[in-house]
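One structure is given here, and the rest of the page talks about it.
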Amino acid sequence: MKLNEIKVTNPYLNLDDEFYDRVKPDPLFKPHLIHVNKYVAKTLDIDESELETDDFLKLLNGEFQPEGSDTFAMCYAGHQFGHFVPRLGDGRAINIGMIDKFQLQLKGAGKTEYSRMGDGRAVLRSSIREYLVSEAMTNLRIPTTLCLGLIGSEHEVRRERIEKGAIVCRVSTSWVRFGTFEYYAANGMFKELKELADYVIEESFPHIKGNPDPYKLLFNEVMVITSRLMAQWMSVGFNHGVMNTDNMSIAGLTIDYGPFAFLDDFKHHNVCNHTDVNGRYSYANQPAVAKWNLQALMKVLSPLTPIEGMEKLLELYDRVYARYTHYYMCKKLGLEGTVEGDPELIDEMYDMLEKLKVDYTLFLRTLSHYKHKGDRSDLLATALYHEPMNDWLDVYDERIKYIDPTERRNQMLNVNPKYVLKNYMLQEAIDKAEMGDFSVVDDLFNIAKQPFEEHPEFERWAKATPKEFRNQRLSCSS
Ligand code: AMP
Ligand code: MG
């Protein structure tokens, strides 16, 4: 499809006008294309030849309006660090319409009714992070929003220092957040609350339509996909960093990437968000915070379906989460079937890794190559002290004794990435990009695209994170 053949729709605008602010993007000054995700373009059926045109750059800068365009920002509320904020909304994200089932949104395209004190802009560094990590998550098979492209500009944006404005064109099947429901419930707007629930069922859970109690089922769906998402984050060592209810997708996607981190050396209580002084959003706390957020969602859905039914469902959360975690971790350890002692084996691995300060991604990738009672030198080389790892490997050896070694290895290499986008790698891409060199952005995109492949040319990124860059905390200012 050519750009001028695109016809977008805007089903969200069929909702009451309390749901959005019709607002036009405010383009950046002297924009330039940094990267385009041709795989996402293909999903949207946009011709590859169109991606280098001036119109494509204009599309990403909010200057080219496809047919049917009627741009808007969405209204929501949310609990930020546990405190309710009655009115948030897209302060700098402007929806430019839906192609097929994908909604395109320009993040950093100017102020909206919900900008509060903000300038409606996004800086280059945070935009690079979001652009790359959404591709990484996709290929790690973790539900996420996507990005079609990234543009930079000469637009000056004031943060702690003067930076350059950028825009990522984000793409998602849903932009509704837990906080969207909270907004209407907090304002006693129950007609709108029901309207929103029906919209979400249509958009993300059409299979539950027509059920006698669809809202209870809606809660059940969100509970299950959220617990699965948490299990996936935990298994890959992802720490989101800002799990406010306005950053929780009702469709179970990873959204709103900020000061996130992939673990360097394994640390249960890793905190990646500089402002998170109490560690509310630490790595280990994520499953519990998701449950807290589900509870907040449950409360606001209670005008639509009896709370007792949802409470019963929420009681299942811990078990559902444990099941998913067990499933993903057994795959990562190459364990077949379920044997008594498996949960302990997994927990003991975590404790051992933390005690020895071992790089999480490196350990599991190296373990994938390990043969039953085989050469341990590569594994032991990941730690300074060897005894706890040897002890753990003795138990592991016993557990994998009867598992087909080739099958185990293949399975493990397929689920234990050789590369994740650690913060020091992203920072390298950002430092270069701020000087006009986007080559590391390209390189990181390539490994994000195929995280399970070897990429010998990028071997240095498969090693443990250099000591001086480990477990750093990032600021939210983006
Ligand atoms: P976050 O926790 O980063 O997802 O952001 C929380 C809220 O602040 C969201 O409603 C954002 O739209 C809004 N926000 C963040 N940065 C800006 C900005 N520079 N201008 C306007 N709104 C912003
Ligand atoms: Mg947000």
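A short reminder: the numbers here are calculations on the coordinates, not readings from a lab. Bear in mind the structure is a predicted one, so any value in this text is a computation, not a measurement. Here the Cβ is made from the backbone with ideal geometry for all residues, glycine too, and neighbour counts use every protein chain on show.
Hey, with R₀ at 51 Å, roughly what FRET efficiency would N4 and Q80 work out to, going by the Cβ-Cβ distance, to 0.05?
On the way: r = 41 Å, r/R0 = 0.81.
In this case the efficiency is close to 0.80.
Per 10 Å bin, what is the whole-percent P(r) computed from every C-alpha pair distance within the range 376-424? Going out from 0 Å in 10 Å bins, the range 376-424 shows 20, 40, 35, 5 percent. Taking only the Cα atoms of the range 67-115, the ratio Rg/Rh comes out at 1.07, with Rh defined as the Kirkwood radius.
Quick one: Cα centre-to-centre distance for the range 205-264 and the range 458-477, in angstrom? Each part's Cα centre sits 26 Å from the other's. Evaluated with a Cβ-only charge set (Lys, Arg +1; Asp, Glu -1), the chain carries a dipole of roughly 560 debye about its Cα centre, given to the nearest 20.
Taking max minus min of the alpha-carbon positions on each principal axis, the range 3-172 gives extents of 46, 41, 34 Å, largest first. For G89, the residues 5 or more places off, or on other chains, whose built amide H falls under 5 Å of its own are Y76.
Given in Å, the Rg to one decimal and the Dmax to the nearest whole number for the Cα atoms of the range 123-178 are 13.0, 36. Looking at the chain, the DSSP beta bridges with both ends there are about 95 percent antiparallel. Think of the range 230-361 as having a plus end and a minus end, set by charges on the Cβ of Lys, Arg, Asp and Glu; of S302, H274, F238, S302 sits farthest toward the positive end of this dipole. Distance from the alpha carbon centroid of the range 287-327 to that of the range 85-148 works out to 27 angstrom. Counting beta carbons within 10 Å around each of K357, K38 and listing the fewest first gives the order K38, K357.
Suppose we flag chymotrypsin sites (Phe, Trp or Tyr not before Pro) only when DSSP calls them loop and at most 11 other Cβ atoms lie within 10 Å. Which is the longest uninterrupted stretch of the chain?
Details: sites that count: F29, Y385, Y402.
With a cap of 11 other Cβ atoms within 10 Å, the longest stretch comes to 30-384.
Each semi-axis of the equivalent ellipsoid for the range 1-63 is √(5λ) with λ an eigenvalue of the Cα gyration tensor; in descending order they amount to 25, 17, 10 Å. Annotation: amide H of K164 within the under-5 Å range of L124, V157, sequence separation 5 or more or interchain, hydrogens built in the peptide plane. Here the Karplus curve 6.51 cos²θ - 1.76 cosθ + 1.60, taken at θ = phi - 60°, turns the phi angles of the range 410-426 into couplings of 4, 4, 5, 5, 7, 10, 9, x, 6, 10, 10, 8, 6, 4, 5, 6, 4 Hz, with x standing for Gly and Pro.
Given the range 310-378, report the % of alpha carbon pairs whose separation exceeds 16 Å. When every Cα pair of the range 310-378 is considered, 59 percent fall beyond 16 Å. A cut-off of 5 Å between modelled amide H atoms, ignoring neighbours fewer than 5 places along the same chain, links T254 with T144, T145. Taking 0.36 nm per residue of sequence separation and removing the Cα-Cα distance, the T53/E308 pair yields an extension gain of 86.2 nm.
Using 7 Å Cα-to-Cβ label points, what is the K371/A288 separation (nm, one decimal)? Here the modelled spin labels are 4.4 nm apart. Overall shape of the range 230-349 was characterised from the C-alpha gyration tensor. The equivalent ellipsoid obtained from it has semi-axes of 26, 21, 11 Å, in decreasing order. Only Cα pairs under 8 Å and 6+ residues apart enter the sum, and on that basis the relative contact order of the chain stands at 15 percent. Note: the chain, Cα convex hull, 150 Å³ per residue.
Here the 3J(HN,Hα) profile of the range 302-307, calculated from phi with Karplus coefficients 6.51, -1.76 and 1.60 at θ = phi - 60°, is 5, x, 9, 7, x, 5 Hz, Gly and Pro shown as x.
Each residue of the range 290-298 is assigned a 3J(HN,Hα), and the resulting list reads 4, 5, 4, 5, 5, 5, 4, 5, 4 Hz, derived from the Karplus form 6.51 cos²θ - 1.76 cosθ + 1.60 (θ = phi - 60°), x at Gly and Pro. For G210, neighbours were defined as the other residues whose beta-carbon sits under 13 Å from its Cβ, and their charges (Lys and Arg +1, Asp and Glu -1) total -2. Expressed per residue, the C-alpha convex hull volume of the range 174-300 stands at 101 Å³.
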